[in-house]
1. If I filter segment A:105-134 down to residues being surrounded by 15 or more Cβ atoms within 10 Å (Cβ to Cβ) and among the β-branched types (Val, Ile, Thr), which single residue comes out as nearest to A:LEU232 (Cα to Cα)?
2. Is it fair to say B:ARG22 is farther than 27 Å from B:GLY264 by Cβ, among the basic types (Lys, Arg) and part of a helix (DSSP H, G or I)?
3. For segment B:112-171, give me each residue that is hydroxyl-bearing (Ser, Thr, Tyr) and touching a Pro at 6+ places or on another chain (Cβ under 6 Å).
4. Starting from residues that are open to solvent by 20 Å² or more (accessible area, probe 1.4 Å) and of a type in the set (S, T, N, Q), keep the ones in segment B:239-281 and report whichever is farthest from the chain's Cα centre (by Cα).
5. Just to verify a result, which residue in segment A:15-30, among those that are more than 8 Å from every other protein chain (Cβ to nearest Cβ) and surrounded by 17 or more Cβ atoms within 10 Å (Cβ to Cβ), is farthest from B:ARG155 (Cα to Cα)?
6. Here is a check on your reading of the model: is B:LEU110 of a type outside the set (D, E, K, R), part of a helix (DSSP H, G or I) and within 14 Å of another protein chain (Cβ to nearest Cβ)?
7. Restricting to segment B:106-126, name every residue that is open to solvent by 20 Å² or more (accessible area, probe 1.4 Å) and either under 24 Å from B:ALA51 (Cβ atoms) or more than 21 Å from the chain's Cα centre (by Cα) (or both).
8. Checking the conditions here, which among B:LEU146, B:LEU200, B:LEU190 is open to solvent by less than 40 Å² (accessible area, probe 1.4 Å), in contact with a helix residue (DSSP H, G or I) (Cβ under 7 Å, 6 or more places away or on another chain) and among the aliphatic types (A, V, I, L, M)?
Amino acid sequence: MLAYILRRLLWTPVLLALAAFFVFLMGTIAPGDPAELRLGNRATPERIERERERLGLDDPIPVRYVRYVAGVLRGDFGESYQYLGKPVLSIIGPRLWVSVQLNIAALLVAVAIGLPLGFYAAKRQGTGRDPAIVITILILYAMPVFFTAPFLILFFAVKLSWVPAAGWGGFFSPQIILPALTIGIPGAAIFVRHMRASTLEVIGQEYIRTAHAKGMSNFVVNYRHVARNALLPILTIMGFTLAGMFGGSLIVELIYGIPGAGRLSLDAIFQRDFPVLTAFVLLGAGMLVLANLAIDVAYTIVDPRIRLQ
Amino acid sequence: MASITQPEPAEIELPRSRGHWRNVWAKFRKRRLAFASLIIITFIYLLGIFAPVIQTHDYQATDLMRTQQGPSAENWFGTDRAGRDIYTRVVWGIQTTVIITITTFVTGSLFLGVTVGLVAGYFRGWIDAIIMRVGEVVSAFPDILLIILLAATLRPRIVEFARNVEDSTGISGLVSSGIVDYVVIGIALLPLSWFGMMRLVRGQVLALREAEYVEAARAMGTTTPRILFRHILPNVVSPIIVSVSFGIGAIALSEVVLSFFGLGVQPPRPSLGVMIGEVTARGGASVSVLRDHPEQLLAPIIVVWLLIFCWNIVGDALNDVLNPRAR
C-alpha cells in the first residue's frame, strides 16, 4: 500500500516531465518567432537577432527544454507574448481561480442533484419512476452546453429576469447561478447513472438483508448501510467528472462572458500566445494527475479492504 | 480383436442456426427506443451524404435583402445574419460531421487503436509497457485542451504544407475545399480516439491469449498475425462495436466544439459548430442576437443533440445485447 503510493509518487514527476516535453515541443512547432512577436514587426533584423540570443532561442531543443522545466519548477512559465514582459503565472493565476470557483459551484450542483436522484431511482426500481428518471437523465446528458446555456439565458435571464444573463461577480453573486447550472446539469446526469448502478449493486448484498432482518429501521439501513457503501465508487468518478467539467467550462465561460481560464486560453490561441497556452495545458495535466492520485489514496482510506498493488 | 465398427454417420437434422449476428440483430430490433434511434441516426447521416442533392440554396450565397428571416416557404429554417439559408447550411454541416467522424474513427480508433491494442496485449513485455506509458502521458491532458492545442499549433503548418503541395504540383483547391481542415481536425482528435480503444482491446487480448484455442493454434504452428487477426480479433469484435457506438457521439461533439472555437472547419464551409458559435459567442453581442433570433440556433443544436442522444441509446442497447454478462 505504502509502496504503491510511493511508486505512484515517483512516477508522477516522470509523467509530468514527459507531458511537459510534449507541450514544449508543440510550442516550438507553433508558428511565429517569439523574438519577432515580442518586438513587433518594425524591429530591425539586428535587434531581433539580439532578442533571440537574450531569450536563448538559438540553443538546441534539449537545452531549451531543460531550461523550461527548470523555470517551471521555480514557478516561472516564461513571459507572455500578448502582455509584454508579464510573467505567465501572474496572468493565469487570477483567471484560473475564477474557473476553479465556477467548477466547484458546478460540482456542488451536480452532486446535490445527482446523488439523491440516483439513489431514489435505484430504490424505485421496478416502478415507472426509475425508467422515467433514466430517460430524462440521458436526454439531459446528451444536451451540449451550447444548448443549455442559451436556453437558460433566454428563459431565466431574458424572459423572467430572475438572474443576470452574463458576467462574473465572484462565488457568492447571483451571476454564478446560470453557468454553474449549465455545467452542473450534464455532470448531475453522470452522477445519477453511477449512483443508481452502485446503489442497485449494494441493495442486492446479503448484509443489507441481514440489517433488515435484524429489525433496523428503513432509514438507518438506507443511510448507514446502502448510501455509504454506494458512495464508494462515486469517488473515482468525481475526479474524472471534475476534469471533464473543466473542458466544458471553456465553452460556458465564452457564452456567459466570464473572465476565467477558458476565455484566456482561447485568447491565447488566437493571439498565438504559446507560453500562456502551454502553461495552461501543463497545469491542467498536473491537476488531473494529482487528482487521480489523491482519489486512489482516498479510496483506500474510505474502504480499508482495498489493497493497492 | 473386436473391431470398432464405425456407425454410419446418421443424417441428423440440426435445427437451423440463425447465426450470432442474426440473433444480435433480432434482439436489438426488439428494443424500440434503440431501433428508433438507429433510424434517426441513419436519416441524419443520409441528409449529410446527400447534401448536394437536397440543398435548396448555395450554402455560401448571401442575400443581404433577406437577413435574419424566420422560417418561410423559401427558406425552411430561415436565414442567418448574412442572409444565407439555414436549412442548406445545416445539411452541409452534417456532411462535415459525417466525414470527420468516419475518417477519425477508421484511422484512429479502428486502425490504430485495434492494431496497437492487439500487439500490446499479445506480446506484453516492453512493447506493452512503452505503449501503456505513452497512452498514460496522452491521457494526462484534459481532452479538450489537448485537442485545442493540437489544432492551434498544427493548423498553420499543415496549411503551409498544403499550399506548397498546391504550388509544386499545380493541384488547386486543396486548402479552399476544406480537406486541410479535415486533416487538422482528424489529427487533433487522434489522441482522444485511439487510447480508449487500445486499452479496451489490450485488456481483452490479455485474457484471450491464455485461452486454450489460442494455445492450440500456436501449437499447430499458426503464424502470429494469423492468430491475432483470425483467432483473437473476431472474439474482441463485440466490445469494439459497443465502444465505437459510444465514441462516435463524443467525436462528433469534439468537432462541433473545435469549429465553435474557430479552430475546426473554416468558412465558407459550413459546420454545425460554426453556426452555433455565430449565434451564441461571436462579436460580443451574444445576448442580443440570442434574444432576437433564438430560432437560428434551433436547427443546428437539435441535430447535434439528437446525434449524441441517439448514439448513447444505441450504445447502451448494443452493450446489453452483445455483452449480456456485463451488467
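The values are calculated or read from the model by the stated rules, or taken from the named source; none is laboratory data. Since the structure is predicted, the reported quantities are computational estimates derived from the model, not experimental observations. Every residue, glycine among them, receives a Cβ derived from its backbone with ideal geometry; neighbour counts consider all protein chains shown. Ligands, DNA and RNA are excluded from the accessible area calculation, which covers all protein heavy atoms including side chains. Shrake-Rupley method; radii C 1.70, N 1.55, O 1.52, S 1.80 Å.
1. Applying the filter and picking the extreme gives A:VAL111.
2. For B:ARG22, the condition - farther than 27 Å from B:GLY264 by Cβ, among the basic types (Lys, Arg) and part of a helix (DSSP H, G or I) - is met.
3. None - no residue of segment B:112-171 is hydroxyl-bearing (Ser, Thr, Tyr) and touching a Pro at 6+ places or on another chain (Cβ under 6 Å), so the list stays empty.
4. For segment B:239-281, the residue satisfying everything is B:GLN266.
5. So, considering only residues that are more than 8 Å from every other protein chain (Cβ to nearest Cβ) and surrounded by 17 or more Cβ atoms within 10 Å (Cβ to Cβ), the one farthest from B:ARG155 (Cα to Cα) is A:ALA20.
6. So B:LEU110 does not fit the description; no.
7. B:VAL106, B:THR107, B:VAL119, B:PHE123, B:ARG124, B:GLY125, B:TRP126
8. B:LEU146
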